[in-house]
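These notes concern the structure reproduced below.
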Amino acid sequence: MISGGSCLGQKPWPYKPGVAENYAGVIHSTDPSAFASIVYVGQQAKTVFDRRANNNNGGRIKIEAHVFTITWSDSLSSKLLANPDIGDLTTVTAQAERHARIVGLLPHCLRSLIDRIVLHGGNMALGGGNRGLLLYSERTMRHETKAGKLHEIMLHEAAHNLGQIMQRSPEWVAAQNSDNAFISKYAQDFPQREDVSESFLAWFILRYHRHRITEEQANTIRDQIPARLKYFDEQNYHMSPVEADAGGPRE
Ligand SMILES: [Zn+2]
C-alpha cells in the first residue's frame, strides 16, 4: 500500500486547502449508497500500512485483522481489514459496516478500483492508492461531524486509485497543459500526485451536484479546468449509485 505516487506512504503530509474544504458538505450522507451486505470472515494475520508506525512516519505493521467481505449492489465486492485497536468485535463490526455504507456512496468507477479497505482506530489522515483505501475511524467521525467534509475527502482519496492509472497518460497531461491552471492550491503544489483527485472531485461536484453549489463556485470549476472536465466527460464512467441531484438535469 506504500507508494510515492499516492497519498499513501507520504510522510509528513502537509495540510493544504483543497477542493474538499472548499466544497464541504456537497455530498450528503443520505445520498444513495451501493452498500448491500457485509460478512465477517474471521481474524487473520495481515500486513497493513499504518501512518502511526515508526513514530508517525508510517510503515507496514502486522495485525490480527478482523476481515470482512463487503458486497456492493452492482456486483462488485471489496475486502475490509479492521485493526483490533478499534475495540471488541461488536464495536469493530459496527465500524466496519459504518465505513462500508460510507464507501458505498462512491461511484462504481472508483469502487471497482478498491480491492482492500484498511480500517484502523485513531485519528490520522485518510489515504488512497494501490487499489485500496486507508481509513481511521476517529478521523472519519471528525470529518463527518465536525468538518462536514467526509464524503468529499473519501472521493478524493478513492480517486487516487484512478490517478495511478491515468495521471501520466498523454491525454491527461495535455488537458493539464491546456488548462494551465489548477482547481486548488493542493493540486498546484502536487501536480502529479494530487491533481487527478482534486480535479475528479471538482468534476463530480459540478456534473452531479451542480444545484448544491453556487453559480460562482460552478464558474470557478468551469474556468479553472475546462480541458480536464472534458477529459472526465469523455471517459463515460460508470457512476452508479450516484444520481444527479433533484434540482435539475445533470450538467
Ligand atoms: Zn490526496
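The values are calculated or read from the model by the stated rules, or taken from the named source; none is laboratory data. Owing to the predicted nature of the structure, the values given are computational and were not obtained by experimental measurement. In this analysis, Cβ positions are derived from the backbone assuming ideal geometry, glycine residues included, and neighbour counts consider all displayed protein chains.
Points worth noting:
- Of all the criteria given as (1) free of Cβ contacts under 8 Å to residues at least 60 places away in the same chain; (2) over 18 Å from the mean Cα position of the chain (by Cα), the one not satisfied by residue 159 is (2).
- Meets criteria (closer than 22 Å to residue 208 by Cβ and in the same structural domain as residue 36 (by TED's automatic domain parsing)) for residue 120: no
- Residue 172 surrounded by 14 or more Cβ atoms within 10 Å (Cβ to Cβ), over 19 Å from the mean Cα position of the chain (by Cα) and not assigned by TED's automatic domain parsing to the domain that holds residue 108: yes
- For region 118-136, the set of residues classified as touching a Lys or Arg at 6+ places or on another chain (Cβ under 8 Å) and either at positive phi or surrounded by fewer than 23 Cβ atoms within 10 Å (Cβ to Cβ) (or both) consists of 122, 123, 124, 125, 126, 131, listed by residue number.
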